[in-house]
Structure formats: C-alpha cells, structure tokens
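To keep things clear, I will list the structure first and then write my remarks on it.
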Amino acid sequence: MKKILVIADRVGSDQCAFHKSLELARLTVVDIHIISFCFESLNEVESDSNKEGKNFSLKDLVIQHTQRKWDEFIKANKPSQNISHEIFWEKHIHEWVLSHCEKTYYDLIIKTGHRSESLFYTPTDWLLFRESKVPVYCVSAKAHAAKKVVLVALDLRSQRKEK
C-alpha cells in the first residue's frame, strides 16, 4: 500500500478516519491525502450580501476557516507520515471522490461511516461501496452492538455462478 485517501469528517468532529489512517500508516509506509468537504446552502445569504455591496464571499470564508482548522489539527497531532490535505466546496461527495480516484491512484479510501435511517436518501457510504473501484474502509468511533462479527468481500462484477 502506498497512498490512502481520507475523507475527513466535519471540522470539530472526532476525525475517526484520520486517526485510523495514521494507525495503518504506522504499519506500512504510505502517504495520506486528506480531503475535507464543506458545503452550506448560502443562496439567500449571498444574494443579501451582494445587494449591500460587500466584496466578500461567505463560501471563501468557510473554506479559509476549514483550512485553518485542519492546519491546526494536523500540526497538533504531529504525524510522522507524509500528509497532504485539500478543502473542497462540494455537495455531492461521492461523485467528486469517484472522479478524483479516476485521475489519481489510491490504494484505499477511508471515511467515517454514517448511518441513515431515511427511506429516500442513499448515503455516501453506500454509493462509494457500490461504485468505487478503490476499496472503501468505513470506520466508527463507537463499537456497534453486534453479537457476531462478519467480514464480507463482494465482487459484484463477477460472472461466475458460484460467486
């Protein structure tokens, strides 16, 4: 393994995916690339600020704030691994990640798993599991109540009957 893509949690969260990537990196020599997404619906706020003649973008302020927080977080954790990070304004995380992984090689994608109980919402985790050509590892801060541990690896593209 040479390169891991970490999908960061929101600023101020536990950053389980980041910490798990550091654990894996200690076992092997890998580069870690952290992608942090920030997106807020600012349509009404932006239009109000433009009417008043202000020359700033709330989007840029949010990105700068997130960048500053990540710089502080990485510096505070003092990792010995080679870590790079980028901040993106993106609503559709899975589409961006899939497109990025087509252009850049990664051995593994790590993100914190998030459960969704909604009927009409397909979680990013599930979309990445289904569509990513790079293995996806979802981690959690808390252990889920399970009586038995099951590890499953599926090859949905296989044409063999026994699979």
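No lab work stands behind these numbers, since they all come straight from the coordinates. Please read all numbers here as calculations on a predicted model, not as lab measurements. Because the Cβ atoms are built from the backbone with ideal geometry, glycine has one as well, and the counts that use them run over all protein chains shown.
Data overview
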item: Least to most buried among 34, 83, 4 (fewest other Cβ within 10 Å first); result: 83, 34, 4
item: Inter-probe distance in nm under a simple model that places probes 7 Å from Cα toward Cβ, at residue 68 and residue 130; result: 4.0 nm
item: Cα-Cα over 22 Å, subset of 2/111; 2/103; 2/91; result: 2/91
item: Two-site FRET efficiency, residue 89 against residue 158, from Cβ-Cβ distance with R₀ of 41 Å, rounded to 0.05; result: 0.60
item: Gap separating the Cα centres of the range 58-76 and the range 2-35, nearest whole Å; result: 17 Å
item: Modelled FRET efficiency - R0 25 Å, residue 60 with residue 99, Cβ distances, 0.05 increments; result: 0.65
item: Order of 106, 137 - criterion: other Cβ atoms within 10 Å of each residue's Cβ, fewest first; result: 137, 106
item: Amide H contacts under 5 Å for residue 15, placed H, 5+ residues apart; result: 9
